[in-house]
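Chemist: Here it is, the structure, as structure tokens.
The values are calculated or read from the model by the stated rules, or taken from the named source; none is laboratory data. Fair warning: this is a prediction, and the values are worked out from it, not measured in the lab. Note that each Cβ is placed from the backbone with ideal geometry, even for glycine, and that neighbours are counted across all protein chains shown.
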Amino acid sequence: MAIKPLSSTISAGKYKGKKILLPSLESTRSTKAILKGSLFDSLQYDIVDELFVEVFGGSGSMGLEALSRGAKHAYFIEKDKAAFQTLKSNCKAIDEEHTTPLEGDSFILFPTLLGKLTCKAYFYFDPPFSIREGMEDVYENVMGLIASIPREMAHWIVIEHMSTLVLPEAIGSYTLTKRKKFGNSSLSFYM
């Protein structure tokens, strides 16, 4: 019996119902539908004609959802080779023209990508949870990336993280504006 690949679907917008393949659960952790819905309910129409950057790309589900809801372009960075192949396949199947998947380490590629952006963006950080082996300092490193984003380049910065982790009230020049909890995962919004 063949193993059916894991998938999710885009929940709203022009690509509603389109399938997104998910990489192996060993390499990435997919975002819950309720969490994704809540994020885009918060952003609503603000992302129309804006850039969306998914810093830890995985399947690309958040950036592709943003495109479906009117974002003009989505950028993704993904280190895991198998996950990157899935991400590329999803971008090609949904909207190849308005997506840029980048293969490599987010901590190395993000500053270069940031330097190439010509307008403000929405930044979504969903790093591997720090309970994974080798990821003990991932949140400190993410906070360093966030602190490096010039104020004039970010509309909002959203971090998906373990609910047990309490992020600081400020990261660089950004202030925590709200936090939403969804079981083991939470979203923290910075402006």
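Chemist: For GLU136, all conditions in the list (1) under 29 Å from GLY183 (Cα atoms); (2) touching a residue at least 24 places away in the same chain (Cβ under 8 Å) hold save one; what is the number of the exception?
Modeler: (2)
Chemist: Something else: Kindly indicate whether GLU65 is of a type in the set (D, E, K, R) and buried (at least 17 other Cβ atoms within 10 Å of the Cβ).
Modeler: yes
Chemist: Could you tell me which residue of segment 179-191 is surrounded by the most Cβ atoms within 10 Å (Cβ to Cβ), considering only residues that are in contact (Cβ under 8 Å) with a residue 40 or more places away in the chain and either in contact with a strand residue (DSSP E or B) (Cβ under 6 Å, 6 or more places away or on another chain) or assigned to a strand (DSSP E or B) (or both)?
Modeler: Top of the filtered list is TYR190.
Chemist: Go over the candidates ALA82, ALA93, ALA154, ALA74 one by one and state the one that is surrounded by 12 or more Cβ atoms within 10 Å (Cβ to Cβ) and either at pLDDT below 95 or among the acidic types (Asp, Glu) (or both).
Modeler: Residue meeting the stated conditions: ALA82.
Residue-by-condition table, conditions (1) in contact with a strand residue (DSSP E or B) (Cβ under 9 Å, 6 or more places away or on another chain); (2) at positive phi; (3) in contact (Cβ under 8 Å) with a residue 40 or more places away in the chain; (4) not hydrophobic (A, V, I, L, M, F, W, C):
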position	(1), (2), (3), (4)
GLU50	yes, no, yes, yes
ILE77	yes, no, no, no
GLU103	yes, no, no, yes
GLU140	no, no, no, yes
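Chemist: In segment 96-122, which residue that is over 21 Å from TYR15 (Cβ atoms) and acidic (Asp, Glu) is surrounded by the most Cβ atoms within 10 Å (Cβ to Cβ)?
Modeler: GLU103
Chemist: Same structure, new question: Report yes if LEU167 is assigned to a loop (DSSP other than H, G, I, E, B) and touching a strand residue (DSSP E or B) at 6+ places or on another chain (Cβ under 6 Å), otherwise no.
Modeler: Criteria met by LEU167.
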